[in-house]
Amino acid sequence: MGLLAVAVAVICVAAAGISRRKEKQKEEDTLKVGISIYQSDDTYVNLLTKKIERQLKACEKQQGIKIHCKIVSAENDQNEQNEQVEHFAALAYDVICVNAVDRTNVSTMIDRAEESEIPLIFFNRQPVQDDLRKGQHIYYVGSDAQESGRLQGELVASVYRKDPAVLDKNGDGVVGYAVLEGETGHQDAIIRSEWSVKTMTSSGVPAKRITGGVANWMKEQAAAIVGRWLKEEEGELELILCNNDDMALGAIETLRQEGRTDISVVGIDGTEEGLMAVRDGKMLGTVKADSDIYAEYIARMVCGLKKEGTVPKEILEGHDREVWIPWEIKICPELEE
């Protein structure tokens, strides 16, 4: 009886050992991806994260591996985002993706990822170059802010060339414009605004700045700002250049409520709602960064870093750390050249 008990105990211990090894193997075979976004109510970033999830599921089927993806929001708090990255690192996530709250203050996250030897992919909000060079596996996926501004200005110029009256509604020979900026001091907001106006005017559009404001990328804030503008301006405002589609949609909402059809609005991003507004003739146009390509590249980078320990060369296209997603102009169908 004693021998039987010993035998049973040995079998139980062995079984437990096998179970633990299987569990460990299962965990090792699972690709764990942590994604931290700067805030939860940014339409374009939410669109991106949903598509990244979808692409990761496709990779799961194609490569026969289990992928666990955890998405969290820092709600515009850099300290909170630092803690989220710390949490991912402590749980030994395989890859961490970050849409940074403060692009100039990412060192803590980079140091933690490097210490744990975890690849870190920034997306949509670009850190400064010195930070990108701090580690071996620090990457950035995004679109060129200057190009988006340039194309927005080109979009306006193409409409003016076709029919100046579309923009110069009061017929005074000058297009009165305003700029809705995304964020005070934000690199993309500054560059998009500068290059949009510069390209528009250098392409032959006679323009005069009427006013401007900062709406922090938000639809509601943009709607409120445009409401104030309409109470103050005296028929000179004819065009609103917006740093993103959400703010453009907020501007359009207020203009429609006030019955103002004499002011055109353009955006940047190419969100689903923004593209619909362009198709419906509510928005003059937008500049689109293909979110499908964006998401596909990030998913392929994640899977490549797990499987091969590196990013596929065809994605980097000659760059060692940065992946650039191209922009394209989307204009109201009846105004296409």
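The values are calculated or read from the model by the stated rules, or taken from the named source; none is laboratory data. Nothing here was measured: the structure is a model prediction, and the numbers come from that model. With ideal geometry, Cβ positions are generated from the backbone for all residues, glycine too; neighbour counts draw on all protein chains shown.
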ask   = Being touching a residue at least 12 places away in the same chain (Cβ under 8 Å), out of contact with any Ser or Thr (no Cβ under 9 Å at 6 or more places or on another chain) and buried (at least 19 other Cβ atoms within 10 Å of the Cβ), is that true of even one residue in the range 221-240?
value = no
message = Just to verify a result, which residue in the range 137-160, among those that are of a type in the set (D, E, K, R) and touching a residue at least 60 places away in the same chain (Cβ under 8 Å), is farthest from P119 (Cα to Cα)?
response = E154
ask   = Given the structure, is V72 touching a residue at least 24 places away in the same chain (Cβ under 8 Å), within 17 Å of the chain's Cα centre (by Cα) and crowded, with 17+ Cβ neighbours inside 10 Å?
value = yes
request  = Go through the range 38-76 residue by residue and tally those that are closer than 16 Å to F122 by Cβ, of a type in the set (A, V, I, L, M) and part of a helix (DSSP H, G or I).
outcome  = 3
key: Subset of the range 181-208 [without any contact (Cβ under 8 Å) to a residue 40 or more places away in the chain, of a type in the set (A, V, I, L, M) and either within 19 Å of V265 (Cβ to Cβ) or not in a helix (DSSP H, G or I) (or both)]   = A207
remark   = Okay, strands (runs of 3 or more DSSP E) sitting entirely in the range 256-337 with 1 or more residues that are over 29 Å from E234 (Cβ atoms) and at pLDDT 95 or above, I get 285-289, 327-331
note = Only one of K307, K313 is of a type outside the set (A, V, I, L, M, F, W, C), farther than 30 Å from V175 by Cα, in the same structural domain as C69 (by TED's automatic domain parsing) and free of Cβ contacts under 8 Å to residues at least 60 places away in the same chain, namely K313
ask   = Does A223 satisfy being within 19 Å of the chain's Cα centre (by Cα), part of a helix (DSSP H, G or I) and closer than 26 Å to E75 by Cβ?
value = no
